[in-house]
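Structure record follows, encoded as structure tokens.
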Amino acid sequence: MTYNVSDVQQPIRDMMKEFGPKLEPLGRKHDQQPDAFAHDMFKMIADQGLVGFVVPKELGGGGHSNLEYVTMIEELAYYDAPSSLLAAVSQLAVHSITYFGSDEQRKKYIPPAAKGEQIPAFALTEPNAGSDAANQQTVAKIEGDNFVINGEKIFIMHGDVCNFMVLFCKIDDGSERPRVSAIMVPGDAPGVKKWALKQKMGMKYATTGRITLENVTVPTTNLLGEKGRGFRYAMETLDGARVGIAAQSTGIAARALDESIKYAKSREQFGAPIAKLQAIQWMIADMSVRVEAARLLTYKAAQMQDAGERFGLQAAQAKLYASEAANFCVDRAMQIHGGYGYIGEFSIIEKLYRDQRVSEIYEGTSEVQRLVIANNYLRG
Ligand SMILES: Cc1cc2nc3c(=O)[nH]c(=O)nc-3n(C[C@H](O)[C@H](O)[C@H](O)COP(=O)(O)OP(=O)(O)OC[C@H]3O[C@@H](n4cnc5c(N)ncnc54)[C@H](O)[C@@H]3O)c2cc1C
């Protein structure tokens, strides 16, 4: 039985035990095909209420707490890691609208996204603004009642298929050092071009896009929140998203552990199951400690978020630890499975290994998490 810190978690685990195994074979199939968004899986996940799981009920979502959300993401990632992205990205993308948008923007964008009828994207990263996300070079010029936007975004989850994006850019208002703002941009606005990036290592069917914007014109009423506050909105969104990646990593790590236990008991070499070998036992022990620690750090961050406390430090700690724990676990799982782990037709380990790696890169690299953590302890 997986450890719960609250009674609300078990019903979600029970629901996912029914639903998760339906996604797994579909994911294996999509993984073998050229990178393309898995519309069929996205629909199943949306119909299950998982795409708007944490979105407030009055905006068409499930109104679940963050603790419930991370439990759902952990379980989803256990069965199929890319499915946890298919579920999470829309909630990440509409977060800024929920908390900083006008009533009109909330009503327009969030309900269709929460139901999976529209696909949103969170467009922050640029070719020259990765870890240095404030270095935005996309610019919106004010011309009468419109913004005219030019620039390029890269590595945008679901960017190739998005119906709309929360676009972060600088507004050229004549000031010497314009600050980052957030603007709502339709995915099909004239001047928007979108592509899926190819040859992604893992998480293939939750696609990642490149978007160029050439003289894209939207009304100035599409500004989200206040001018110049976009970077803060993005960072607040990322705090929550990091807890989600911690949950995803925990699910991947837990799956790697369970597969390893099963395999170690059944695989015989030298006349006995390899589970009898101390070398294997120690790997299982080390994996299990990391899974449990990742889980607890993730739940702690989610509970602080639910309590309305500042949780940026705990989000970074959970994301850093859980993603590196997942890396450790998929690596040890492959070692335990030997050749049957390395070759995808024999086990899920090869896929888990590829799907895991990005968790140490997106929503801020491990190095950036260490910067955030150290700054929290050392400032002042
Ligand atoms: C699959 C995928 C999905 C993504 N989804 C989205 C999305 O939906 N929306 C979005 O806006 N972005 C998204 N990203 C972008 C992601 O957040 C960036 O890739 C990430 O922030 C790192 O930026 P970069 O790739 O440009 O690496 P760089 O910033 O160029 O970093 C290269 C290396 O230098 C290190 N480094 C950089 N600066 C420092 C520093 N100050 N101290 C120590 N080390 C440092 C990094 O840790 C890394 O090891 C996604 C990326 C991927 C791969």
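Read-outs throughout are calculated quantities, based only on the coordinates presented, and are distinct from any laboratory measurement. Since we're looking at a predicted model, the values are computed, not measured. Please note: Cβ atoms are built from the backbone with ideal geometry, for glycine as well, and neighbour counts cover all protein chains shown.
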- Task: Could you tell me whether region 258-322 comes out rounded, prolate or oblate from its Cα gyration tensor? Rule is a ≥ b ≥ c as square roots of the eigenvalues, rounded for a/c under 1.5, then prolate if a/b exceeds b/c, otherwise oblate.
- Result: prolate
- Message: Show me, for region 209-215, the HN-Hα J-couplings you get by feeding each phi into the Karplus relation (A = 6.51, B = -1.76, C = 1.60, θ = phi - 60°), rounded to Hz, glycine and proline as x.
- Response: x, 10, 10, 10, 10, 10, 6
- Check cross-link reach from Lys300 to the aspartates and glutamates: straight Cα distance under 16 Å, and skip same-chain residues fewer than eight apart. Asp7, Glu68, Glu74, Asp239, Glu292, Glu309
- Message: With just the Cα atoms defining each centre, how far is region 351-380 from region 78-103? Give it in Å.
- Response: 19 Å
- Note on the structure: Mean-square fluctuation maximum in Gaussian network of the chain, Cα pairs under 10 Å, restricted to Arg13, Arg177, Arg370, hits Arg177
- Message: At 222 nm, what value in deg cm²/dmol follows for the chain if DSSP H runs of at least 4 each add -39500 (n - 2.57) and the sum is divided by all its residues, to the nearest 500?
- Response: -17500 deg cm²/dmol
- Query: Given 0.36 nm per residue, what is the gain on full extension from Ala285 to Asn128 after removing their alpha carbon distance, in nm?
  - Reply: 52.3 nm
- Message: Which of Arg295, Arg357, Arg255 ends up with the largest GNM mean-square fluctuation for the chain, with Cα atoms connected below 10 Å?
- Response: Arg357
- Of Lys265/Lys351; Lys29/Lys115; Lys22/Lys351, those spanning more than 23 Å from alpha-carbon to alpha-carbon: Lys29/Lys115
- Residue range of the chain that is longest and free of GluC sites (Glu not before Pro) which are both DSSP loop and sparsely packed (at most 15 other C-beta within 10 Å): 1-116
- Item | Reachable lysines, given that their alpha-carbon falls under 19 Å from the alpha-carbon of Lys170 and they are not under 8 places away in the same chain | Lys141, Lys153, Lys227
- Query: Using 0.36 nm per residue, how much length does the chain from Glu309 to Ser6 gain when fully extended, once their Cα-Cα distance is taken away?
  - Reply: 107.3 nm
- Query: Using the Kirkwood radius built from alpha carbon pairs, what does the Stokes-Einstein equation give as D for the chain at 37 °C and 0.692 mPa s, in µm² per second?
  - Reply: 155 µm²/s
- Using the Karplus curve 6.51 cos²θ - 1.76 cosθ + 1.60 with θ = phi - 60°, work out ³J(HN,Hα) for each residue of region 105-116 in order, rounded to whole Hz, and write x for Gly and Pro. 5, 4, 5, 6, 9, 6, x, x, 6, 5, 8, x
- Query: Using the Karplus equation 6.51 cos²θ - 1.76 cosθ + 1.60 (θ = phi - 60°), what ³J(HN,Hα) coupling, rounded to whole Hz, does each residue of region 279-284 give in order, writing x for Gly and Pro?
  - Reply: 4, 6, 4, 5, 5, 4
- Query: Between region 149-178 and region 307-348, what's the alpha-carbon centroid distance in Å?
  - Reply: 31 Å
- Task: Once you've got the GNM for the chain with C-alpha springs shorter than 10 Å, pick whichever of Arg267, Arg229, Arg106 has the biggest mean-square fluctuation.
- Result: Arg267
